[in-house]
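Written below as structure tokens is the structure these notes are about.
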Amino acid sequence: MSAGARIWALHLAALALLAAGGVLLPAYHLTNFAKVMVLATYAMGYNIAFGYTGLLSLGHALFFGAGLYGAGMLVQHAGAAAGPAAIAGLLAGGAMAGVVGLLALRTQGVAFMIVTLMFAQAGYLTILYNTAWTRGDEGIVIAREARVLLGFDLSADLPRYFAAFALFAAGLVLKLWLVRSPSGRVMIALRENEERSRMLGYDPYARKLAALVISGLYAGAAGAAYGLLFGYVGASLASTQYSILPLLWVLLGGAGTVLGPFVGALLMFYLIDYSSAVTTASLLVVGVALVLLVLFAPKGILGTLRERWLKWLP
Amino acid sequence: MSFGPFLLLALMEGMVTSAVLALAAVGLSLVFGIMRVVNVAHGEFFMLGAVSAWFVSQWVPGPPVVGFAAALILCPLFVGAIAALADMTVLKRLNYEPEATIVATIGLLYILQQAALSLYGPDARPVPAPFNLRVQLPWFGYSGYKIAVVAASAVVLLGVWRLLAKSRVGLVMRATQYDRETARAFGINVDRVYAGVFALGGGLAALAAVLIVPIQQAHYLMGTDPLLLSFIVVIIGGLGSLRGTVIAALLIGLSDGVISTFFAPTLAKIVATLAVALVLVFRPQGLFGRRAL
Amino acid sequence: MTSRLIGKTPNRRSVLGGMAAGAGALALPTFFPGYTHAQSAEPIRLGFQLHRTGIGASYGRWYERTATAALNVLNEAGGINGRPVEILFEDDGTDPARGAEVFGKLATQSNCDLVFGALFSHVVIGTAPRAAEMKVPYLVCSEGHHVASGMLNRWTLQPGITDVKSQVQGMAPFVTQNLGKKVTMIFPDFAFGHDHRDYFTAACAAQGGEVIAQIAIPPTETSFTRYFPQIPAETEVIYHVMVGPAVLTFVKELGEFYGSGARPQLFGFIDSLEAVDIASPGLEFLEGSHFWEAHPRYKQADASEHEVFYRNAVGVDDNGASVTDPADVATYAHMFSVWETLFVIKAGMEAAGYQGPADRQKLVEAIEAMTAFAESREHPQGDKTFNGKTHQAFGHQNISQVQGGKLIRVHRTSLEDGYYPDEVDYTTQSF
Amino acid sequence: MAAVTLLEARGLTRHFGGLKAVDGVDFTLAEGEIHALIGPNGAGKTTFVSLLCGRIPVQSGSIRFDGADITRMPAHRRVRRGIAYTFQITQVFANLTVFDNVALAVQRRGGHLAEETQAALSRVGLAERAGQIAGTLSYGHQRVLEIAMGLALQPRLLILDEPTQGLANAEIETFKDLVRQIVPETTVLLIEHNMDVVMDLAQRITVLNFGEVLATGTPEAIRANPAVQAAYLGG
């Protein structure tokens, strides 16, 4: 089997497993997996910027929030249907990433982290401040009647699962194709050595901007899906925490791996979910687990696997 | 109140904010500058300082000033020891790999928060100030302790500056900052320097917290805001520049004090946040950094 | 954390063996007709969305204690429909996203019949859609206006505590008649504060008063002195409602600003000082100022027997602190809602003849059919009316004055003070 | 020499604070030639070529390349116009395969990826190592890889910054053959300390000293120039 075929086979098998999960998983885990797939889509977008292009952003909550509120506001205040709202969310995430990128990409490294953090903080405060539109910290509920896509009721378990699956699958396939394409190679080259890439004739600014916009589109789509699938649009989902979470998921799963963000998000979700069964000090379990993981798999789970055994893993 | 006193009050408040910011940021700046470690748990060291100050104030009998003095000494030592332990058991083993240290310090953040929640509880608790002096100005009253915090902050910063610029310890630190491998070649025990710097960073955060806790109360979630603000101050000031850190703290503290006094405060905060971002966009090395980041 | 709380409830085996229930319980069979029937002796399981960590943890701890105490009382008196009751606590981190997940976990993994207990509005709003999707009753204890505003759904009810719109409205007559007509409001600049701003400004005007300044404090602010000069000199009353860990700073700084000199009257919501000792250093200047309390923290001279029973059962001393630790101050003005909600659940289930999850809809309908709760052991805060259409309870509010370092009630609103026109009729909505 | 001018710099200047790294340099490069740039350490050689390829912005003066003014053109666009640069300190993509390193150059100009990449690797003798991670190559191989990346761009002008530094003698011979093969299709500008290489390869030599042009001419003329001798021997 050629390397390409092996890679596609692995990822399509993973998708097939998830599709089967829609039928096999019990109700509780069905909803959990739906959420994890939406969040993993967000994290995959983050990984395109961070894991592949080397852009350590601390402001992705702004793009996720743009998708969330882009879709949510349209439904709430303009009575839009789920389809147009989802598209609006997608575009809002991309547009926001474009605007932020135009400015923030003039900086690098730590300055880039802080600039993106500050933009996202300004966005978060704006959401809190405009209570009349957003209900600020409380957030708003998206009416069930609006949560219908192509005749499917997104508030019901199965349609929700498969809507999340469709989003995740599209994101995964697109990402796998992207990172293995020549453009993906350039993104990786920029991560590895920007100056060298420039001297091969690539425009780092434009390429990074493109990567960030793609990343923002993922975040926007995931944000819109979150609102429509789970019915809640709130400021806490656009707070700094939601900028750090995708970073954490990506690092846990393995930065610069296609499946890593999903693995990281899934692991983190169930770590929090099950830690409460062990002790009331659940934060301690999470904290210790993170420290142990990073000690024994410093490149993340898939990153460490790749380093040790599966060198072909994209 | 007429404009003059109004501005005076805004400036005084700005000074206090600046002092608090500079203190919280200076430890981060050291760790960041010398070790190149993005310590997400820095705010939790700050929180631990405040929480442990509460415990000390409960245990030490006598007037508040005695407990406060004890806390000033014990809390930084305690937190510094925890920081050194974290460095030696975790960060060192990660070889200070930037990405791994981010995850590890996020883990540390959770552990410390849970420890505080379990041992200290979820309530905000006040620690008595060492003295209660209310300075009555012709137009308004003001806390004497707040003025003392500004002075104490200046003393601490001066001490850190002397340590870095004039002492042998500082020389070793700067050598390590400049080039880790060369420092090793010159017989400097880099591991020990790193543990020491991390402990010093944590201890300074704790010291800042002990000074601040009489005006802010100890709470197990109090570490988040100082972390973000400290980062901003450190970056705006320019990496590794103590002078820059202090000036950035003054700039941000004073402008925040004045802007939010005279304009719609939340809107002002949004605008100020964007302004900080734009400063960095057009001067990414910070205001006083010499080299590009 | 799912800590299963059975309290002093008998487990099934001990009942089947004809034994008396666990320590301290009464001889059960006498009290429980039909309890010998194994099927119906299956415990009723109630999920509790607990703010154990996160910003709501101060409240969460006391909500857990109150729920535990209420559960003991409930089970000692025979449970619900003769069945013992369990409460399963699960931490939501005071986070809306986790709140919705916890709701699902309690409803499906732990097989709870319903879920109750959430306080923070964003958690309630984030969770409510899940309740409607799963068709599981969700009884909230949050005092937000979100239930009565029609924003939520048929499965979400608030029978245990008055909503903020009603509370604020009820304050206006007393404030304008006794404290002053020119009011300056200080509030946090997000939804919670904006509710106070909007409802009080309107209610104040209706009473002939005037809000002459509105000072919004940005979120994340930890120091407040710089905002005080914006208080107009002609202010007669400062209405303050701050929340979060920095509230103590707020009150202290206000004290430093005015000193012992002349100052306007102060009227605040106790939310600022929940779980905080009024006798804390720096708070001396609150002497003489007024606070809203849904439920007086300090035991009042005329406390009812029900109130005394409740206070003892939860383990709160006469000063509103834990009987085991006088420094551990309760969130007394809010936590009664957990107790009362549990007894509304009992009444609702018994009225609906609740057998199991199939009867969830009947339970909601039974609660909607309720109109009033009499002051009783089950409702120690006082009598209330319940509006089945808006799913909202309306109770008396108290205004207390700090006298000698204690909060003494000086006014109790009438129920009518808090009424406003219905904004929704949930009973017309489908399940 | 039938000199068609490929590149022409006029009055090129770049100061760093008080240091006059490059100070009013006039310079012409004829199409198809091998031109060496020599001078003592700190003479401004690397700064000068960095100005040519756009890594450092020009303070004053002008650069024309292939008839167009490129003075203000960003580096990546100069590369697209045909100026390739190999770094003084080896800068390959250490975590990517040898193949990917060269493929990045090939794909940028839209070449046939697999074939042309292999061809470029074969040319420098790295074909068998295509799958190896670049960072694991020996130093000499990394230098050669860097040159392969430059070649794969099929540039009009290839600027080599101390290409033989750290190479063994046998490798230097291979390198010299390689350079001879690529002219005259490609013009080569070479910074070099190894005088044997310079004298062997270069058709013309420019000597820089303290940021100024000391002399330009054929190898023989430079060897005979007393000012150059003074700068090298006396400096």
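The values are calculated or read from the model by the stated rules, or taken from the named source; none is laboratory data. Treat the numbers as computed from the prediction; the structure is a model and nothing was measured. Positions of Cβ are generated from backbone atoms using ideal geometry, with glycine treated the same way; all protein chains shown enter the neighbour counts. Surface accessibility is based on the protein's heavy atoms, side chains included, excluding ligands, DNA and RNA. Shrake-Rupley method; radii C 1.70, N 1.55, O 1.52, S 1.80 Å.
General remarks:
- Each DSSP beta bridge with both residues in region C:48-164 is either parallel or antiparallel, and the antiparallel ones are about 10%.
- Per residue accessible area in Å² of chain B, where ligands, DNA and RNA are left out and the probe is 1.4 Å: 39
- Residues with amide H under 5 Å from that of C:Ile215, placed H, sequence gap 5 or more: C:Met185, C:Ile186, C:Phe187
- Sequence-ordered 3J(HN,Hα) estimates for region C:142-149 from the Karplus curve with 6.51, -1.76 and 1.60 and θ = phi - 60° stand at 10, 6, x, 7, 4, 5, 5, 6 Hz, glycine and proline given as x.
- Taking the DSSP bridge list for chain C and keeping only pairs wholly inside it, about 40 percent are antiparallel.
- Look at where the Cα atoms of region A:24-86 and of region C:410-431 average out, and the two centres are 37 Å apart.
- Zone of A:Ser183's modelled label, taken as backbone nitrogen in region A:200-230 under 19 Å from a point 7 Å along Cα→Cβ: A:201-222
- Burial of accessible area (probe 1.4 Å, heavy atoms of protein chains only) in region C:92-112, relative to its chain alone, reaches at least 10 Å² for C:Asp95, C:Pro96, C:Ala97, C:Arg98, C:Glu101, C:Lys105, C:Thr108, C:Gln109.
- Amide H contacts under 5 Å for C:Phe116, placed H, 5+ residues apart: C:Gly47, C:Phe48, C:Gln49, C:Leu139
- Count Lys and Arg as plus one, Asp and Glu as minus one, and take only other residues whose Cβ is under 13 Å from that of A:Gly234; the net charge is then -1.
- Max mean-square fluctuation residue, GNM over chain A, Cα-Cα springs under 10 Å, options A:Ala132, A:Ala146, A:Ala43: A:Ala132
- Pair C:Phe431, B:Arg168: separation of 7 Å Cα→Cβ label points (nm): 8.2
- Using the Cβ-Cβ distance between B:Gln58 and A:Leu295 with R0 set to 35 Å, the FRET efficiency works out to roughly 0.45.
- FRET efficiency for the pair C:Asn111 and C:Val410, taken as 1/(1 + (r/R0)^6) with r the Cβ-Cβ distance and R0 = 41 Å, rounds to 0.30.
- Annotation for region B:118-153 versus region D:96-172: alpha-carbon center distance of 66 Å.
- C/B buried area, accessible surface, summed, 1.4 Å probe, Å²: 2700
- For the protein assembly as shown, DSSP calls about 50 percent of its internal beta bridges antiparallel.
- Sparsely packed loop sites in region B:189-293 (the chymotrypsin sites (Phe, Trp or Tyr not before Pro) outside DSSP H, G, I, E and B with at most 15 other Cβ atoms within 10 Å) comprise B:Phe263.
- Surface composition of the protein assembly as shown: carbon plus sulfur atoms hold 61% of the accessible area, using a 1.4 angstrom probe and ignoring ligands, DNA and RNA.
- Rounded to whole Hz, the Karplus (6.51, -1.76, 1.60) HN-Hα couplings of region B:43-56, x for glycine and proline: x, 6, 5, 4, 4, 4, x, 5, 5, 5, 5, 5, 4, 4
- Under 15 Å, Cβ to Cβ, from D:Ala230 - net charge with Lys/Arg +1 and Asp/Glu -1: 0
- Rel. contact order, % - alpha carbon contacts under 8 angstrom, at least six apart, chain B: 37
- Net +/- balance of residues flanking B:Ile270 in space, Cβ distance below 13 Å, scoring K and R +1, D and E -1: -1
- Residues with amide H under 5 Å from that of C:Ile44, placed H, sequence gap 5 or more: C:Val85, C:Glu86
- Contour excess over end-to-end distance, with Cα ends at D:Glu185 and D:Tyr232 and 0.36 nm allotted per residue: 13.6 nm
- Phi to ³J(HN,Hα) by Karplus 6.51 cos²θ - 1.76 cosθ + 1.60 over region B:136-149, Hz, x for Gly, Pro: 9, 8, x, 9, 7, x, 8, 6, x, 5, 4, 5, 5, 4
- Buried accessible surface for the D/A pair, both sides summed and rounded to the nearest 100, is 1900 Å² with a 1.4 Å probe.
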